[in-house]
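The values are calculated or read from the model by the stated rules, or taken from the named source; none is laboratory data. Please read all numbers here as calculations on a predicted model, not as lab measurements. FYI the Cβ positions are ideal-geometry reconstructions off the backbone, even for glycines, and counts take in every protein chain you see.
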Amino acid sequence: MSKLAFLFLIPVIISITGLIPQSARWLPKFSAILMIFQLPLVFGICSPVFSGVEVGSGDFVMDGIGAAFTIITTIIAAAALIQGSMTLPAERLADEHKMSDRHFCLFYTLAGLFICTMYAVPLTKHLGYMWILIEGTTLLSAPLIDYHRSKSSLEATWKYLILCSVGIAFALFGTLLIFASQHNTGAANSLVISQMLENAKNMDPRLLRLGFVFCLLGYGTKSGIFPLHNWLPDAHSEAPSAVSALLSGALLNCALVAVWRLSQLVTAAGQGEIVRQLLIPAGGITVIAASLMLISQHDLKRMLAYSSVEHTGLLTIAIGIGSGQLFMLHAFNHSIVKAALFLMAGNLLYTNGTKTINKLSGLLKSKPVWGILLAAAAFAIAGSPPFGTFISEWLLLKNIFSAGETFAALCVLIGLTITFIAISTHTGRVIFGKAQEPKRSAPVLKWAFVPMILIIVSFIAGISVNPSVMNLLTYLAKR
């Protein structure tokens, strides 16, 4: 049996346990403990890849990109379920319409399966399986968004399902066009990426380019590239904060990994110019659009969702200029900090009963620990030193200028400036001002532990980047 199978063992155990309604009392803590053990297990499975050893076989093989995003997904999933083991039972008890044990346990069944599909996406080397798995992430995450079963969460779920399903239909058509582009290669048509790369030069360039455009529309919808992002603010805002962390910190990466795989294929076929012509302007426009939309936000979680759109734009540019090392580095930095922010937002929503920024003021007076952590995370996500996001954004901006993409560089500079001002202003309203009377009490230090660890990781990432780290990331990107 392949070592990769062990990646899925713990999430599957969580899913199976969730089928037992009687497990509702102990399942949150049980899942959190299992995800703690998942961390060293995943690092152990991924570590051979860093030494050049291939892990897996057939259509599922872990390369450098696969190892990086498997680790990112594990960290975010562990953080979400550990924090969820504290906040979700508390929310359930506080809810005036008490949630049934079956409904509560179903959350963990779906969450475990959702994590499995997110593991599988960066590991598959088959475009058909990739499409199926990304569609699977949509179907499995939709009920998680509707966890509270309110009118607004149901509306957000349907919006998510409809827009992402339409998008994934475009991706299916694009995949079929790419399959058809092999008609004159002299070899049997295949959707296995390694086989396609061998015959890439002989592919029909017209069908290949058209297929890439349709796939970009499809997977771009899932990743939140402007103007295909409309589902994202609603879904992230209405989902439980543990789910919002998973959506922003792990799910968006899956669709971007698909775009990366396709861009590598198109470039190998000698059509790399279309990758640059589409992705770099799309990323730049996404950064600008998201930063402008951040200005008028009054909902804390929607503000964080639009920040995710902005970082999707940065990651899209990284793919466009062919920088796999910066794609991995910035995805890691963004995912870690954004998960911390969404988990902190969940704490505030529980204690104050609202997501409205103006009604969350005075956090530094009422809960100083939370106020300091929120300020640090806000500075980190806005790209401030010494956090990891600053380093990856700086290196990305440097590479954009080196690539001669002046328009994209200006978009990034303007967008990051607006974003810093907007996030600092909105977060300042939450941290400073008159302290609000909380509706519910919460263990401040206990609920701050996971976000604090994530922010410390971001800080360490910011001060640890050196030529050796970048050489390792470059090596992984080429594996």
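For (1) among the hydrophobic types (A, V, I, L, M, F, W, C); (2) touching a Pro at 6+ places or on another chain (Cβ under 8 Å); (3) modelled with pLDDT under 95; (4) on the phi > 0 side of the Ramachandran plot, each residue gets a yes or a no:
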| site | (1), (2), (3), (4) |
| --- | --- |
| Gln325 | no, no, yes, no |
| Leu349 | yes, no, yes, no |
| Asn352 | no, yes, yes, no |
| Thr356 | no, no, yes, no |
| Ser361 | no, no, yes, no |
| Trp370 | yes, no, yes, no |
Just to be sure, is Leu279 within 16 Å of the chain's Cα centre (by Cα) and assigned to a helix (DSSP H, G or I)? no
Starting from residues that are more than 14 Å from the chain's Cα centre (by Cα) and aromatic (Phe, Trp, Tyr), keep the ones in segment 196-244 and report whichever is nearest to Phe114 (Cα to Cα). Trp231
Note: among Thr124, Thr138, just one is in contact with a Cys (Cβ under 9 Å, 6 or more places away or on another chain), over 23 Å from Leu27 (Cα atoms) and of a type outside the set (A, V, I, L, M), namely Thr138
Among the listed residues Thr70, Thr87, Thr74, which satisfies the condition of being crowded, with 20+ Cβ neighbours inside 10 Å, farther than 18 Å from Ala461 by Cβ and under 22 Å from the mean Cα position of the chain (by Cα)? Thr87
Pick from segment 161-185, criterion touching a helix residue (DSSP H, G or I) at 6+ places or on another chain (Cβ under 7 Å) and over 27 Å from Gly136 (Cβ atoms), ranking: surrounded by the fewest Cβ atoms within 10 Å (Cβ to Cβ): Asn184
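So for segment 429-443 (the condition being in contact with a Pro (Cβ under 9 Å, 6 or more places away or on another chain), in a helix (DSSP H, G or I) and surrounded by 13 or more Cβ atoms within 10 Å (Cβ to Cβ)), does at least one residue qualify?
no
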Sort out for me the helices (runs of 4 or more DSSP H) sitting completely within segment 342-412 that have 1 or more residues that are free of Cβ contacts under 8 Å to residues at least 60 places away in the same chain and crowded, with 17+ Cβ neighbours inside 10 Å. 368-381, 388-402
Considering segment 92-115, residues that are of a type in the set (Gly, Ala, Ser) and within 17 Å of Ala32 (Cα to Cα), and then whichever is surrounded by the most Cβ atoms within 10 Å (Cβ to Cβ), we arrive at Ala111
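Residues checked against (1) more than 24 Å from Leu39 (Cβ to Cβ); (2) modelled with pLDDT under 90; (3) in contact with a Lys or Arg (Cβ under 7 Å, 6 or more places away or on another chain):
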site	(1), (2), (3)
Ile431	yes, no, no
Glu437	yes, yes, no
Arg440	yes, yes, no
Lys446	no, no, no
Leu454	no, no, no
Phe459	no, no, no
Gly462	no, no, no
Lys478	yes, yes, no
Within segment 60-94, how many residues turn out to be over 30 Å from Val259 (Cα atoms) and touching a residue at least 24 places away in the same chain (Cβ under 8 Å)? 11
When only residues in segment 462-479 that are farther than 13 Å from Ala68 by Cβ, touching a helix residue (DSSP H, G or I) at 6+ places or on another chain (Cβ under 8 Å) and of a type in the set (A, V, I, L, M) count, which is surrounded by the most Cβ atoms within 10 Å (Cβ to Cβ)? Val465
Having 3 or more residues that are over 20 Å from Leu247 (Cβ atoms) and out of contact with any Gly (no Cβ under 9 Å at 6 or more places or on another chain) is the bar; report the helices (runs of 4 or more DSSP H) wholly within segment 2-120 that clear it. 27-50, 64-94
Looking at segment 139-148, is at least one residue aromatic (Phe, Trp, Tyr) and assigned to a helix (DSSP H, G or I)? no
Looking at segment 125-146, which of its residues are over 30 Å from Asp63 (Cα atoms) and either charged (D, E, K, R) or at pLDDT below 90 (or both)? Asp146
